[in-house]
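To start, the structure under review is shown below, and the notes come after it.
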Amino acid sequence: MPVETLRWHGSLDGSLRIIDQRLLPGELKFRELRNVEAVFEAIQTLAVRGAPAIGIAAAYGVFIGVRDCPDDSSTFRSELKRVCKYLAGSRPTAVNLFYALDRVQALADDMAQTPAGEIKEAILEEAHKMLREDLDASRRMGENCQQFVKDGATYMTNCNAGGLATGGYGTALAAFYIAKEQGKKVSVFACETRPLLQGARLTTWELMREGIDVTLICDNMAATVLRQGKISGIFVGADRIAANGDAANKIGTYPLALLAREHGVPFYIVAPLSTFDFSLKSGDDIPIEQRAPQEVTHFAGRASAPEDVGVFNPAFDVTPAQLITAIICETGVAQNPDMAGLQALL
Ligand code: MRU
């Protein structure tokens with residue numbers, strides 16, 4: 001069963017209901033987002049997070065942002081532009097956000113002669129469509145992973161690329177959900193993912209909920225586990241994949257890829273086509289979000305470092321394509337990914 005990470009509730013005057021992921025695993029609480037500022041804040045503070053989920057939330061956010069604006073054409077068009085620009089400022093790295101905003105804007109452009117009221121309805125329908133597409137793509141990614149998932153094997157993952165990061169099944173974690181559906185038994189080592197602990201708080205919660213064996217480790221234990229020969233493969237998601245196959249994902253992913261190479265373990269990126277950004281030649285061009293120093297200097301609201309210490313807090317790193325065994329998406333698999341391999345997936 002997919003988790004209901006984000007769902008629309010009601011009709012045109014409804015709201016976007018999200019699981020507030022900041023409260024997990026202690027509390028499973030839903031929040032109703034009824035205005036565009038609330039959607040922006042939810043994305044920026046990681047109440048809703050993970051590249052595909054951010055994109056879907058943004059699409060619903062556009063509808064919420066324009067639904068009450070006057071229906072005269074020029075007011076509607078300038079408001080639509082303003083709302084898209086505003087939401088685009090919520091987080092910089094996951095390209096799914098910009099993919100979703102561009103898609104909604106293009107839909108409205110195609111309906112230039114249509115009354116604004118109808119365009120608003122079409123935007124809501126487009127957001128529903130993106131959610132449906134995501135659920136379908138997740139399952140297909142999970143299926144495409146199965147050639148690399150063996151019964152009885154143990155895998156490693158970083159951050160949360162599961163149902164909570166998508167419409168409900170996940171990307172990297174879909175590999176394990178589909179394996180279970182197919183009767184395979186797999187075990188997973190989840191890296192905790194400092195500083196915001198998406199691995200510890202979210203991945204373990206999700207996998208345990210689905211009855212998949214999971215062991216939590218601190219990020220600095222990954223080398224030890226790999227050296228012990230316990231891991232048959234590493235599966236992670238991505239926030240943006242450049243044209244040459246370089247992939248940005250949660251900070252701590254690149255070191256795992258280096259460790260995988262050193263220990264002869266395959267390293268897989270699982271991501272939908274909406275995460276590919278062919279406008280960027282390489283990973284060097286991917287904008288990396290820098291987050292607040294307090295995420296590093298504080299733990300559970302208490303200082304864990306001296307006040308005023310200098311902090312470097314990039315939320316993502318880039319894994320060069322040469323370290324990636326395969327990129328798996330909903331349309332297939334690119335082994336030893338490069339530009340031609342990625343284009344063949346389109
Ligand atoms: O900062 P987050 O929690 O949004 O980062 C999420 C990740 O890095 C995920 O691995 C990525 O978005 C892929 S999710 C299917």
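Just going by the charge dipole of the stretch 142-345, with Lys and Arg at +1 and Asp and Glu at -1 on Cβ, which of Q198, V318, Y177 is farthest out on the positive end? Checking the options against the dipole of the stretch 142-345, the answer is Y177. Each residue of the stretch 332-346 was assigned a 3J(HN,Hα) from its phi angle through the Karplus curve 6.51 cos²θ - 1.76 cosθ + 1.60 (θ = phi - 60°); the sequence is x, 10, 10, 7, 6, x, 8, 4, 5, x, 5, 5, 5, 6, 6 Hz, with glycine and proline shown as x.
In percent, rounded to a whole number, the relative contact order of the chain is 16, using alpha-carbon pairs under 8 Å and six or more apart. Note on S11 and E121: their simple-model spin labels are 1.0 nm apart, each label 7 Å out from Cα toward Cβ. A quarter of the convex hull surface defined by the alpha-carbon atoms of the chain gives 17.4 nm² as the mean projection.
Over the stretch 6-139, what is the relative contact order in percent, taking alpha-carbon pairs closer than 8 angstrom and at least six residues apart?
Working: 165 pairs, mean separation 30.8, N = 134.
About 23 percent, as a whole number.
Note on the stretch 285-336: the alpha carbon radius of gyration divided by the globular reference 2.2 N^0.38 Å gives 1.76.
Arranged from fewest to most other beta-carbon atoms within 10 Å of their beta carbon, C159, C218 become C218, C159.
Label-to-label distance for R22 and S78 is 3.4 nm, based on points extended 7 Å past Cα in the beta-carbon direction.
Peptides 141-153, 299-311, 220-232, 169-181 ranked from most to least packed give 169-181, 141-153, 220-232, 299-311, packing being the mean of other C-beta atoms within 10 angstrom over each peptide's residues. Once the Cβ-Cβ distance of M1 and R132 is raised to the sixth power relative to R0 = 22 Å, the FRET efficiency obtained is 0.85. The slack between I217 and E181, meaning 0.36 nm per residue of separation minus the straight C-alpha distance, is 10.4 nm. Simple rule: put +1 on each Lys or Arg Cβ and -1 on each Asp or Glu Cβ in the stretch 85-231, find the dipole, and look at M130, L216, G168; the Cα lying farthest toward the positive end is L216.
A protection proxy built from the mean count of other Cβ atoms within 10 Å ranks the segments 121-130, 235-244, 196-205, 264-273, most packed first, as 235-244, 196-205, 264-273, 121-130. With helices as the sole contributors, the chain gives -11500 deg cm²/dmol at 222 nm; each DSSP H run of n ≥ 4 counts as -39500 (n - 2.57), and the sum is divided by every residue. Give me the Kirkwood hydrodynamic radius of the stretch 8-86, using the inverse of the mean 1/r over all pairs of distinct Cα atoms, in Å to one decimal. After inverting the pairwise mean of 1/r, the radius is 13.2 Å. Cα-based values for the stretch 142-345, radius of gyration first and Dmax second, are 16.5, 52 Å.
The equivalent ellipsoid of the stretch 6-139 has semi-axes of 24, 15, 14 Å, largest first, where each one is the square root of 5 times an eigenvalue of the Cα gyration tensor.
In a simple Cβ point-charge model (Lys, Arg +1; Asp, Glu -1; nothing else charged), the stretch 142-345 has a dipole of about 560 debye relative to its Cα centre. Give me the tail of P(r) for the stretch 167-255 as a percent: Cα-Cα pairs with distance above 21 Å. Roughly 33 percent, rounded to a whole number.
Since only I54, A106, V36 are under comparison, the one whose Cα sits farthest along the positive direction of the charge dipole of the stretch 6-139, derived from C-beta charges on Lys, Arg, Asp and Glu, is I54.
Please give the charge dipole size of the stretch 6-139, origin at the Cα centre, charges +1 on K and R Cβ atoms and -1 on D and E Cβ atoms. Round to the nearest 20 debye.
Magnitude of the dipole: close to 520 debye.
Coupling constants for the stretch 210-226 follow from the phi torsions by the Karplus curve (6.51 cos²θ - 1.76 cosθ + 1.60, θ = phi - 60°), and in residue order they are 8, x, 9, 4, 9, 10, 8, 10, 5, 4, 7, 9, 4, 4, 4, 5, 5 Hz; glycine and proline get x. Simple spin-label estimate for Q343 and D71 gives 4.6 nm between the two label positions (7 Å along the Cα-to-Cβ direction from each Cα). The equivalent ellipsoid that matches the C-alpha gyration tensor of the stretch 211-295 spans semi-axes of 25, 17, 13 angstrom, in descending order. Entry note, the stretch 142-345: relative contact order of 20 percent, from Cα contacts under 8 Å with a spacing of 6+ residues.
What is the ratio of the Cα radius of gyration of the stretch 169-216 to 2.2 N^0.38 Å, with N the residue count, to two decimals? Don't jump to the answer; show the numbers that get you there.
Values: Rg = 10.6 Å, N = 48, 2.2 N^0.38 = 9.6 Å.
Ratio of Cα Rg to 2.2 N^0.38 Å: 1.10.
Only the coordinates and a few stated rules stand behind these numbers; no lab work does. Everything numeric in this text was worked out from a predicted model, so none of it was measured. Neighbour counts are summed over all protein chains in view; Cβ atoms, including those assigned to glycine, are modelled from backbone coordinates with ideal geometry.
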